[in-house]
Amino acid sequence: MTKQELRNHFIQRRKALTTTEVAAQSQAIARLIFSFFSVENLKAIHTYLPIRRQNEVDTFPIIYTLQEKFLKTHVVISRSLTDTFEMEHYQWIPDMTLTINSWGILEPNPVHSLQYAVQNIDLVIVPLLAFDKYGNRVGYGKGFYDRFLSKCRSNVIKVGVSFFEPADRITDINPLDIRLDYCITPTRVWKMLPS
């Protein structure tokens, strides 16, 4: 299927989820992340902040677990630069000031936040609408994460999170698309197949 076909299909499937389903499945994804990855050996984990009205996988259980149990691992979040479609990255600090941008995304207030170098990030939790078994993903189509991931170290671990199983193959891949290494669903960890 094409990216647009998958985008339309999975937006509707996510809209159909209840608040209770989103919360329970997000907790299941968080548990799998902490059971699969040796988080204590990572210097920094980057995660997005969920757009709740879009029923995205809630990453706050991941953030709070890192804060409580893995104090040596930094949490990094981003701010979107809507004029350049790039992102700035900041270290998560408890009680930091968050604002909502024009797309309804929570992000750090740069005045009161500590910027973080992408080269120090070991693992990135990537938002998506759909993915295939080869690590290709469908987002909202703006390319923010592909630009960001292209600037990370070559060995950064790229982990998608999804409520749904993968498509067989996304047919219209762009050469600039960055593939995932893994994707976590509520029931399993998918290791991506070589293309």
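Structure data summary
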{"item": "Charge context of residue 109, other residues only, Cβ under 13 angstrom, K/R +1, D/E -1", "result": "-2"}
{"item": "Accessible surface of region 1-159 [probe 1.4 Å, protein heavy atoms]: carbon and sulfur percent", "result": "52"}
{"item": "Under 5 Å, built H, 5+ apart or other chain: amide partners of residue 86", "result": "81"}
{"item": "Pair residue 82, residue 67: separation of 7 Å Cα→Cβ label points (nm)", "result": "2.7"}
{"item": "Surface per residue (accessible, 1.4 Å probe) for region 1-89, Å²", "result": "53"}
{"item": "Whole-number Å³ per residue for the convex hull built on Cα positions in region 1-128", "result": "138"}
{"item": "Contour minus Cα-Cα distance for residue 24 and residue 165 (0.36 nm per residue)", "result": "49.1 nm"}
{"item": "Long-range amide H partners of residue 46 with built H, under 5 Å", "result": "76, 122, 123, 124, 125"}
{"item": "Per-residue [θ]222 nm for the chain (sum of -39500 (n - 2.57) over DSSP H runs n ≥ 4, rounded to 500)", "result": "-8000 deg cm²/dmol"}
{"item": "Region 1-95: relative contact order as a whole-number percent, Cα under 8 Å and 6+ apart", "result": "24"}
{"item": "Packing-based order for 68-76, 126-134, using average beta carbon neighbours within 10 Å, highest first", "result": "126-134, 68-76"}
{"item": "Normalised alpha carbon radius of gyration of region 138-190 [divisor 2.2 N^0.38 Å]", "result": "1.19"}
{"item": "Heavy atoms of residue 65 accessible to a 1.4 Å probe, total area in Å² rounded to 10", "result": "40"}
{"item": "Peptides 39-47, 77-85 ordered by average Cβ neighbours within 10 Å, highest first", "result": "39-47, 77-85"}
{"item": "Residue-wise HN-Hα coupling along region 187-195, computed from phi with Karplus coefficients 6.51, -1.76, 1.60 (Hz; x: Gly, Pro)", "result": "10, 6, 9, 9, 8, 6, 6, x, 7"}
{"item": "Rel. contact order, % - alpha carbon contacts under 8 angstrom, at least six apart, the chain", "result": "23"}
{"item": "Ratio Rg/Rh, restricted to region 76-195 and using Cα atoms, in which Rh is the Kirkwood radius", "result": "0.97"}
{"item": "Backbone HN-Hα couplings from phi across region 2-13 [Karplus 6.51/-1.76/1.60, Hz, Gly and Pro as x]", "result": "7, 4, 5, 4, 5, 4, 4, 5, 7, 4, 5, 5"}
{"item": "Heavy-atom accessible area per residue - region 140-195, 1.4 Å, Å²", "result": "54"}
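The values are calculated or read from the model by the stated rules, or taken from the named source; none is laboratory data. In this text, all values refer to a predicted model and were calculated from it rather than measured experimentally. Counting neighbours? That spans all protein chains shown, and the Cβs are built from the backbone with ideal geometry, glycine included. With ligands, DNA and RNA removed, areas are computed over all heavy atoms of the protein, side chains included. Shrake-Rupley method; radii C 1.70, N 1.55, O 1.52, S 1.80 Å.
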